[in-house]
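Here's the structure, in structure tokens; my notes come after.
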Amino acid sequence: MKITKATFVVSNTDYKLCPTDERAEFAFIGRSNVGKSSLINMITGNKNLAKTSGRPGKTQLINHFLINEDWFLVDLPGYGYAKASKVQREKWERFIADYLTKREQLLNVFVLLDSRLEPQKIDIEFMNWCGEKELPFAMVFTKIDKLSSSALQKNLVKYKKEMLKYWEALPPVFTTSSESAFGKEKILNYIGQIIDNVKG
Ligand code: GTP
Ligand code: MG
């Protein structure tokens, strides 16, 4: 799978107002500042497509990007942004949960995890919630340029061990860097396979 064209389409808080043309879509979720928007830019090869920031809480809406005039990548707000007010957090959680559970054309969710951290309760809980909702997801470790490969391997092992407390099998696991573009082809091929399966 190669991306030849990527364009911003629309931002919403209500999944019902998102594009209605039933194209396949893939969403990126994870804690605030984990690198969701940066990963979308890395995958599409366009640094200015999704807005990124060193400060958490940058993405606040459901953003649809049309890829190759065929399918969507979706950038979502992060969860666990401590500085947002409780009311604001609950509002976000509501519309993100509605989007994730009610959007039928959503084929896969990429759950982004900071590769520098040991397993985080909030991320494990979120993935377990995806399981309850029967939402297919893959684990994507971000920012691998920021740690040594031995430290990365250690955290991956810990994460896999933690997941296997709750799951019989692991979902697909990707390691990425938006700085070096590591992991780009594997994620694109995975998306391509899912689209091929759906199109038959
Ligand atoms: P919210 O929209 O606030 O939820 O954040 P986000 O998950 O979209 O994160 P974003 O892509 O805005 O990136 C947050 C910060 O991490 C920015 O300063 C990025 O430059 C940095 N960053 C993201 N990915 C990488 C990476 O792979 N390597 C390095 N070194 N920095 C990264
Ligand atoms: Mg963002």
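The values are calculated or read from the model by the stated rules, or taken from the named source; none is laboratory data. None of these values were measured; they are calculated from a predicted model. Virtual Cβ from ideal backbone geometry, glycine too; neighbours counted across all protein chains shown.
Observations
- Taking the criterion of being within 14 Å of residue 30 (Cβ to Cβ), in contact with a helix residue (DSSP H, G or I) (Cβ under 8 Å, 6 or more places away or on another chain) and not hydroxyl-bearing (Ser, Thr, Tyr), the residues of segment 45-62 that qualify are 50, 58.
- Taken together, the residues in segment 57-74 that are surrounded by fewer than 16 Cβ atoms within 10 Å (Cβ to Cβ) and within 11 Å of ligand 1 (Cβ to nearest atom) amount to 1.
- The one condition in (1) assigned to a strand (DSSP E or B); (2) farther than 18 Å from residue 98 by Cβ that residue 43 fails to fulfil: (1)
- Filtered by the rule that a residue be under 24 Å from residue 104 (Cα atoms) and touching a Ser or Thr at 6+ places or on another chain (Cβ under 8 Å), segment 29-51 gives 30, 36, 37, 39, 50.
- One residue stands out among those in segment 57-71 that are under 15 Å from residue 39 (Cβ atoms) and not in a loop (DSSP other than H, G, I, E, B): the one that is nearest to ligand 2 (Cβ to nearest atom), which is 63.
- Residue ID - surrounded by the most Cβ atoms within 10 Å (Cβ to Cβ), chosen from residues in segment 145-176 that are among the polar types (S, T, N, Q) and within 10 Å of residue 115 (Cα to Cα): 176
- Which listed residue, of 19, 77, is surrounded by 13 or more Cβ atoms within 10 Å (Cβ to Cβ), modelled with pLDDT under 95 and within 13 Å of ligand 2 (Cβ to nearest atom): 77
- Residue that is surrounded by the fewest Cβ atoms within 10 Å (Cβ to Cβ), among those in segment 22-56 that are within 22 Å of residue 126 (Cα to Cα) and either away from ligand 2 (no atom under 15 Å from the Cβ) or hydroxyl-bearing (Ser, Thr, Tyr) (or both): 32
- Checking each residue in segment 129-173 for being farther than 26 Å from residue 99 by Cβ and hydroxyl-bearing (Ser, Thr, Tyr) picks out 148, 149, 150.
- Total residues in segment 57-98, condition touching a residue at least 40 places away in the same chain (Cβ under 8 Å) and among the β-branched types (Val, Ile, Thr): 4
- The lone exception for residue 112 - which of (1) under 18 Å from residue 187 (Cβ atoms); (2) out of contact with any Ser or Thr (no Cβ under 7 Å at 6 or more places or on another chain) it fails: (2)
- Residue in segment 124-134 that is touching a residue at least 60 places away in the same chain (Cβ under 8 Å) and of a type in the set (A, V, I, L, M) present: no
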